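> Okay, handing you the structure first.
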Amino acid sequence: VSEQIEKAINSLKEAGRQDKLPIAFLTRAAFARTVGGKETLENAEADLRHALELAVDSKAELQKLEVLLEQIRVNMKLQEYEPDSSIISNIMRDTKEKIRIIKNMVSKTGYHIHDNEIDEIEYKFNET
């Protein structure tokens, strides 16, 4: 699967389809989150930063929302590998800020597909 994702990203780059690259990077990051360890999560973070830049540049609000949500998922997974409380504190602060941004975007766009997941994440982070 990872080879197919790489081929898709390269094809999009070659075709000049910047508008589709955020979803491709998002896909690679989600795959890395589900199958990899800490090192692949760091690669996923880099993909998501790149995807977010492209989504912001192209004013693709729904892509931006999806990337922010995947960044939260990666942060949650990273917590499993980071016993350092200062790192966890930074992850929690970052996650809470992303939730605030996402909720604001949802209210503007009416894109409620992830409401349950966002509520669960928010509940989890408010417990700690």
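The values are calculated or read from the model by the stated rules, or taken from the named source; none is laboratory data. For clarity, every value in this text was computed on a predicted model and none was experimentally measured. Positions of Cβ are generated from backbone atoms using ideal geometry, with glycine treated the same way; all protein chains shown enter the neighbour counts. Note: areas computed on protein heavy atoms with side chains; ligands, DNA, RNA excluded. Shrake-Rupley method; radii C 1.70, N 1.55, O 1.52, S 1.80 Å.
> Please give me, ordered by residue number, the trypsin sites (Lys or Arg not before Pro) of the range 75-126 that lie in loop per DSSP and have at most 11 other Cβ atoms within 10 Å. Don't skip to the answer; put the middle values down first.
Numbers: sites: Lys77, Arg93, Lys96, Lys98, Arg100, Lys103, Lys108, Lys124; in loops: none.
Those that pass, being in a loop and sparsely packed, number zero.
> At 1.4 Å probe size, put Ile91, Ile113 in order of accessible surface, largest to smallest. Before the final figure, lay out each step's value.
Working: Ile91 15, Ile113 120 Å².
From most exposed to least exposed: Ile113, Ile91.
> Here's a follow-up. Report the Cα-based extents of the chain along its three principal axes, largest first, to the nearest Å.
46, 35, 21
> Here's something else I'd like to know. Select from the range 1-65 those trypsin sites (Lys or Arg not before Pro) which occupy a DSSP coil region and have at most 10 other Cβ atoms within 10 Å, ordered by residue number. Mind showing how you got there, number by number?
Working: sites: Lys7, Lys13, Arg17, Lys20, Arg28, Arg33, Lys38, Arg49, Lys59, Lys64; in loops: Arg17, Lys20, Lys59.
For trypsin sites (Lys or Arg not before Pro) across the range 1-65 that sit outside H, G, I, E and B with at most 10 neighbouring Cβ atoms in 10 Å, the list reads Lys59.
> Note the angle between two axes, namely the Cα long axis of helix 38-57 and the longest principal axis of the Cα atoms of the chain, as a number of degrees from 0 to 90, rounded to the nearest 10.
For helix 38-57, the angle is close to 70 degrees.
> Toward the positive end of the charge dipole of the chain, about the Cα centre and with charges on Cβ (Lys, Arg +1; Asp, Glu -1), which of Phe25, Tyr123, Ile88 goes farthest?
Looking along the dipole axis, the top candidate is Phe25.
> I would also like to ask the following. Would you mind checking the tilt of helix 61-78 against the longest principal axis of the Cα atoms of the chain, expressed as 0 to 90 degrees and rounded to 10?
It works out to around 60 degrees.
> On to the next question. Quick one: with all protein chains in place, what share of the accessible area of the chain is carbon or sulfur, to the nearest percent (1.4 Å probe)? Please list the in-between numbers first.
On the way: 3810 of 7580 Å².
Here carbon and sulfur together make up 50 percent of the probe-accessible area.
> Roughly how big is the range 1-51's charge dipole about its Cα centre, with Cβ charges of +1 (Lys, Arg) and -1 (Asp, Glu), in debye to the nearest 20?
On the way: 8 positive and 8 negative charges, 27 e Å.
Charge dipole of the range 1-51: 120 debye, to the nearest 20.
> How big is the charge dipole of the range 9-128 about its Cα centre, in debye rounded to the nearest 20, if each Lys and Arg gets +1 on its Cβ and each Asp and Glu gets -1 on its Cβ?
Details: 18 positive and 22 negative charges, 64 e Å.
Result for the range 9-128 is approximately 300 debye, rounded to the nearest 20.
> Sticking with this one: Specify the angular offset, from 0 to 90 degrees and rounded to the nearest 10, of the alpha carbon long axis of helix 115-127 from the longest principal axis of the alpha carbons in the chain.
The angle comes out at about 40 degrees.
> With a 1.4 Å probe and all protein chains left in place, how much accessible area per residue does the chain have, in Å²?
Working: 7580 Å² over 128 residues.
Normalised by residue count, the accessible surface of the chain is 59 Å².
> May I pose another question? For the residue pair Glu6 and Ser85, what label-to-label distance in nm results when each label sits 7 Å from Cα along the Cα-to-beta-carbon direction?
My value for the distance between the label points is 4.2 nm.
> Check cross-link reach from Lys38 to the lysines: straight Cα distance under 20 Å, and skip same-chain residues fewer than eight apart.
Leaving aside lysines fewer than 8 places away in the same chain, those within reach of Lys38 are Lys77.
> Hey, could you pull the Cα Rg and Dmax for the range 1-72, both in Å?
Every Cα atom of the range 1-72 included, Rg and Dmax give 11.5, 32 Å.
> Roughly how many nanometres apart are two label points built 7 Å out from the Cα toward the Cβ at Asn104 and Met92?
2.3 nm
> Also, I was wondering about something else. I'd like the chymotrypsin sites (Phe, Trp or Tyr not before Pro) in the range 20-85 restricted to DSSP loop residues with at most 13 other Cβ atoms within 10 Å, sorted by number.
Numbers: sites: Phe25, Phe31, Tyr81; in loops: Tyr81.
The qualifying sites are Tyr81.
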